[in-house]
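Engineer: Before anything else, here's the structure in question.
None of the figures in this text is laboratory data; all of them are computed from the coordinates on show. The shown structure was predicted, so the numbers you read here are calculated from the model rather than taken from an experiment. Positions of Cβ are backbone-derived with ideal geometry, glycine not excepted, and every protein chain shown enters the neighbour counts.
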There are 2 protein chains.
Amino acid sequence: MNAPKSKTTLKAVAEQLGLTPTTVSRVLGGKGDQYRISQKTQRRVRELAAKLNFSPNQIARGLRLSKTSTIGLIVPDISNPYFATIAHHVTAEARRRGYSILLCDSQEDTRYEIEAIQLIRSRNVDGLVLCPVGVSDEHLAELAESDQQVVLVDRTYPDLAIASVTSDNVRGAREATEYMIRRGHKRIACLQGLQASALNRDRVLGYQEALTQHGIPIDEELIVGDSFAQQSGYVATRLLLHAQAKFTAILAMSNQIALGALQAVSEESLNIPSDVSIIAFDDSPYAPYLATPMTTVKQRNEEMGQIAVQLLFARSESQRPFHGLLLPTRLIERDSVASIRPEDS
Amino acid sequence: MNAPKSKTTLKAVAEQLGLTPTTVSRVLGGKGDQYRISQKTQRRVRELAAKLNFSPNQIARGLRLSKTSTIGLIVPDISNPYFATIAHHVTAEARRRGYSILLCDSQEDTRYEIEAIQLIRSRNVDGLVLCPVGVSDEHLAELAESDQQVVLVDRTYPDLAIASVTSDNVRGAREATEYMIRRGHKRIACLQGLQASALNRDRVLGYQEALTQHGIPIDEELIVGDSFAQQSGYVATRLLLHAQAKFTAILAMSNQIALGALQAVSEESLNIPSDVSIIAFDDSPYAPYLATPMTTVKQRNEEMGQIAVQLLFARSESQRPFHGLLLPTRLIERDSVASIRPEDS
DNA sequence: GCGATTAGGACAAACGATTGTTCCAGGGTA
DNA sequence: TACCCTGGAACAATCGTTTGTCCTAATCGC
């Protein structure tokens, strides 16, 4: 019932008390004593403000202070659990600090990403957490040169002076690949994501490093796919299954790709891991309950969101750009990788 | 390189041209002809604006127009795929109309939800899409009486004059229950969500209706749990398995609850569906690939997000409050429900 | 040649909050 | 009495846009 038809303004409160907005603002801003507003007046102001359920218009406040207490968040696809988890922790950490989140979903499209950046900047956000789509980086170079506070999450651009927090993708992929190699796999297919992205390059690099290190030749025909989406994993796996190239294992570079692979494997009535082994990037709450519980490379995406916001504040408080924070991954061992006899490979 | 250190303002553009902000504003606002600004001037303005990469300060604009082109979105948990999907479609539909999203995650806590509503309102959003936690509704009554445009998603409050879009939960639950009954199940456990919520009441009601309609007595001991979270499903299932009450099937009222049930069943080394059958609300991309592909009640949550935004605009354009839009659910039949002999029940 | 249009923009207020400065009255001091 | 100080609060500018109104030439009609 206290919800007013038209929002209470500072002026309205002041008029009802026979004061000016100045005085009311100072009292509510906690500067009453500093400006020698009498205790009696302060009490009256606070009481009426509470009664009218007054809360200052953040738009006007933002204009005056050029500070909006808002953080922009751009993700390629908020319905992807991976990004949703990051978003969850970004919002939580932001709220803890009294900040709100302006969310944009770039729909995995760089054009929308550029649009979103402009949109968000024209709203004068105090900081920006960006999970780039990862195809092009010209717009990011512009961003780096601007005065906008930015932290990149999930994908990093070594050439740009932008703070970032990502998984140690090279190592994650290498460990997963080595795990398979130790179990006797030599023909390991790599279902990669967007080829242009640094994220993908790192994971593929880790994969290749592991192979090379164990004296296994890299077969380009086993490196397939070109998107982090389910569709890509599906198509790549089906093509692979019908191609000459034989393989005993799959390393899927994202949860969605893994889902696509699962779909293809299931349609071909193959069995995991007896027919084909698999490890996927990104853990999922469903992973333990799959037909074959899936071994995964778990990223610390909860922390990523949180850390991203922390970096934003670290940067804005002291001018200490903190570059490329790398988070370790963890291999969660389940049952989707078979041990095979060396001669099988 | 056009990214300015300090944002270009309307005044700056005007000064460089020897004009006033008025003129520049009118030209860029498309009202040049209407106010008889010469074509030459209009061209000059547009050229410089483009060159300086000018875009109006949305904060100032919002203040002047008392319209922020922003929609508030409050969800209980953005990392839950169900809400993440809704959010995805809300943002997409909003973007299509030139609106941005201010996101809040209430963390399934009514206190945070109330905070979020205040926060969002103090930012003068033009509309609010709210997925309520569902415990209390006093704050929603206040909201209903205010001039704030609101659409409720996922949970509805029949007593309140607020537009909403939800699944036909009664029918969804009834159909799922009937499906099990047709397969010979009579002792069906109901893993409910938050008891206080209308959402849960509806689903439980549908469950009970189906039983009653088929002459099966309702056993209160089979209706367990009190949260939509995984933990609740887990605990409820374990307790149920160790209790006297025998049952052959489970109806889980959310994806998270189902996950908890899966966990419990797995820990008890039981088999789905031979030991226990299960149907879960909310479909998941993983559902087909589970140890036993799971039969689910699929909600049209993609459309929910989209429709929510559409309702918001329908309401704000013509004063036609559209009440309680109900979306049908669909039973996706997989393998998690066994047909049992009547005497087993 | 004189008033009336018209073209082309400028002026100034307003949105709501914040803040550096100023104003006023009363009390104490010299 | 003249002066200063201090408590208490008001004044007014400002953030960047938008918009109703007003101003000033030049042009037109007759």
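Engineer: Of all residues being in a helix (DSSP H, G or I) and in contact with a Ser or Thr (Cβ under 7 Å, 6 or more places away or on another chain) in segment A:207-229, which is nearest to residue A:259 (Cα to Cα)? Just the residue, please. Even if it seems obvious, please write down each step before you answer.
Structural biologist: Taking segment A:207-229 as the starting set, the residues that turn out to be in a helix (DSSP H, G or I) are A:207-213, A:220-222.
Next cut, in contact with a Ser or Thr (Cβ under 7 Å, 6 or more places away or on another chain) only: A:207, A:210-211.
Numbers: A:207: 20, A:210: 24, A:211: 24 Å.
So, considering only residues that are in a helix (DSSP H, G or I) and in contact with a Ser or Thr (Cβ under 7 Å, 6 or more places away or on another chain), the one nearest to residue A:259 (Cα to Cα) is A:207.
Engineer: Among the listed residues B:7, B:11, which satisfies the condition of being within 15 Å of DNA strand D (Cβ to nearest atom), basic (Lys, Arg), surrounded by fewer than 21 Cβ atoms within 10 Å (Cβ to Cβ) and away from chain A (no Cβ under 12 Å)? Let's see the steps before the verdict.
Structural biologist: Numbers: B:7 fails: away from chain A (no Cβ under 12 Å).
Just a single option satisfies the conditions, and that option is B:11.
Engineer: How many residues does segment A:33-48 contain that are surrounded by 15 or more Cβ atoms within 10 Å (Cβ to Cβ), near DNA strand D (Cβ under 8 Å from one of its atoms) and not polar (S, T, N, Q)?
Structural biologist: 1
Engineer: Across segment A:179-197, what is the number of residues that are surrounded by fewer than 19 Cβ atoms within 10 Å (Cβ to Cβ) and touching a residue at least 24 places away in the same chain (Cβ under 8 Å)? Show your work before the answer.
Structural biologist: Taking segment A:179-197 and keeping what is surrounded by fewer than 19 Cβ atoms within 10 Å (Cβ to Cβ), we get A:182-184, A:187, A:195-196.
Cutting the leftovers down to touching a residue at least 24 places away in the same chain (Cβ under 8 Å) gives us A:183-184, A:187, A:195-196.
Here the count works out to 5.
Engineer: Would it be correct to say that residue B:36 is closer than 30 Å to residue B:306 by Cα, more than 9 Å from chain A (Cβ to nearest Cβ) and either within 8 Å of DNA strand C (Cβ to nearest atom) or touching a Phe, Trp or Tyr at 6+ places or on another chain (Cβ under 8 Å) (or both)? I'd like the intermediate steps shown before the answer.
Structural biologist: Values: closer than 30 Å to residue B:306 by Cα: no; more than 9 Å from chain A (Cβ to nearest Cβ): yes; either within 8 Å of DNA strand C (Cβ to nearest atom) or touching a Phe, Trp or Tyr at 6+ places or on another chain (Cβ under 8 Å) (or both): yes.
So residue B:36 fails the test.
Engineer: Report yes if some residue within segment B:51-70 is within 30 Å of residue B:299 (Cβ to Cβ) and away from DNA strand C (no atom under 13 Å from the Cβ); otherwise report no. Outline the logic, then answer.
Structural biologist: Here is the first cut: in segment B:51-70, the ones within 30 Å of residue B:299 (Cβ to Cβ) are B:69-70.
Now drop any that are not away from DNA strand C (no atom under 13 Å from the Cβ), which leaves B:69-70.
Checking segment B:51-70: at least one residue is within 30 Å of residue B:299 (Cβ to Cβ) and away from DNA strand C (no atom under 13 Å from the Cβ).
Engineer: What's the total number of residues in segment A:104-119 that are of a type outside the set (Gly, Ala, Ser), surrounded by 24 or more Cβ atoms within 10 Å (Cβ to Cβ) and out of contact with any Ser or Thr (no Cβ under 6 Å at 6 or more places or on another chain)?
Structural biologist: Within segment A:104-119, residues that are of a type outside the set (Gly, Ala, Ser), surrounded by 24 or more Cβ atoms within 10 Å (Cβ to Cβ) and out of contact with any Ser or Thr (no Cβ under 6 Å at 6 or more places or on another chain) number 2.
Engineer: Would you confirm, using the coordinates I've provided, whether residue A:130 is within 7 Å of chain B (Cβ to nearest Cβ), touching a strand residue (DSSP E or B) at 6+ places or on another chain (Cβ under 9 Å) and of a type in the set (A, V, I, L, M)?
Structural biologist: Numbers: within 7 Å of chain B (Cβ to nearest Cβ): no; touching a strand residue (DSSP E or B) at 6+ places or on another chain (Cβ under 9 Å): yes; of a type in the set (A, V, I, L, M): yes.
It is false that residue A:130 is within 7 Å of chain B (Cβ to nearest Cβ), touching a strand residue (DSSP E or B) at 6+ places or on another chain (Cβ under 9 Å) and of a type in the set (A, V, I, L, M).
Engineer: So, in segment A:174-201, how many residues would count as being within 18 Å of residue A:132 (Cβ to Cβ) and either part of a loop (DSSP other than H, G, I, E, B) or in contact with a strand residue (DSSP E or B) (Cβ under 8 Å, 6 or more places away or on another chain) (or both)?
Structural biologist: So the first thing to find is which residues in segment A:174-201 are within 18 Å of residue A:132 (Cβ to Cβ), and the list is A:192-201.
In the following step, the residues that additionally are either part of a loop (DSSP other than H, G, I, E, B) or in contact with a strand residue (DSSP E or B) (Cβ under 8 Å, 6 or more places away or on another chain) (or both) were identified as A:192-197, A:199.
Number of matching residues: 7.
Engineer: Is it fair to say residue A:225 is surrounded by fewer than 17 Cβ atoms within 10 Å (Cβ to Cβ), small (Gly, Ala, Ser) and more than 23 Å from residue A:301 (Cα to Cα)? Step through it out loud before you land on a result.
Structural biologist: On the way: surrounded by fewer than 17 Cβ atoms within 10 Å (Cβ to Cβ): no; small (Gly, Ala, Ser): yes; more than 23 Å from residue A:301 (Cα to Cα): yes.
Against the criterion (surrounded by fewer than 17 Cβ atoms within 10 Å (Cβ to Cβ), small (Gly, Ala, Ser) and more than 23 Å from residue A:301 (Cα to Cα)), residue A:225 does not qualify.
Engineer: With the requirement that a residue be polar (S, T, N, Q) and either closer than 14 Å to residue A:52 by Cβ or in a loop (DSSP other than H, G, I, E, B) (or both), what does segment A:11-39 give you? Quick ask: steps written out before the conclusion?
Structural biologist: Pass one, segment A:11-39, residues polar (S, T, N, Q): A:16, A:20, A:22-23, A:25, A:34, A:38-39.
Result: A:16, A:20, A:34, A:38.
Engineer: Being near DNA strand C (Cβ under 9 Å from one of its atoms), of a type in the set (A, V, I, L, M) and over 24 Å from residue B:142 (Cα atoms) is true for just one of A:24, A:13. Which residue is that?
Structural biologist: On the way: A:13 fails: over 24 Å from residue B:142 (Cα atoms).
Exactly one of A:24, A:13 is near DNA strand C (Cβ under 9 Å from one of its atoms), of a type in the set (A, V, I, L, M) and over 24 Å from residue B:142 (Cα atoms), namely A:24.
Engineer: How do the helices (runs of 4 or more DSSP H) wholly within segment A:49-166 filter down when requiring 2 or more residues that are within 16 Å of DNA strand D (Cβ to nearest atom): which remain? Can you show your working first?
Structural biologist: Working: elements: A:58-65, A:81-96, A:110-122, A:138-145.
Filter on segment A:49-166 gives A:58-65, A:110-122.
Engineer: Now a separate question. Take the residues in segment B:58-97 that are among the hydrophobic types (A, V, I, L, M, F, W, C) and facing chain A (nearest Cβ under 7 Å), then tell me which one is surrounded by the fewest Cβ atoms within 10 Å (Cβ to Cβ).
Structural biologist: To start, the set of residues in segment B:58-97 that are among the hydrophobic types (A, V, I, L, M, F, W, C) comprises B:59-60, B:63, B:65, B:71, B:73-75, B:78, B:83-84, B:86-87, B:90, B:92, B:94.
Applying the additional criterion that residues be facing chain A (nearest Cβ under 7 Å) yields B:59-60, B:63, B:78, B:84, B:87, B:92.
Values: B:59: 23, B:60: 16, B:63: 19, B:78: 31, B:84: 24, B:87: 28, B:92: 19.
By that ranking, first place goes to B:60.
Matching residues to (1) more than 13 Å from every other protein chain (Cβ to nearest Cβ); (2) under 26 Å from the mean Cα position of the chain (by Cα):
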residue: A:224; (1), (2): yes, yes
residue: A:229; (1), (2): no, yes
residue: A:236; (1), (2): yes, yes
residue: A:244; (1), (2): yes, no
residue: A:248; (1), (2): yes, no
residue: A:251; (1), (2): yes, yes
residue: A:258; (1), (2): no, yes
residue: A:263; (1), (2): no, yes
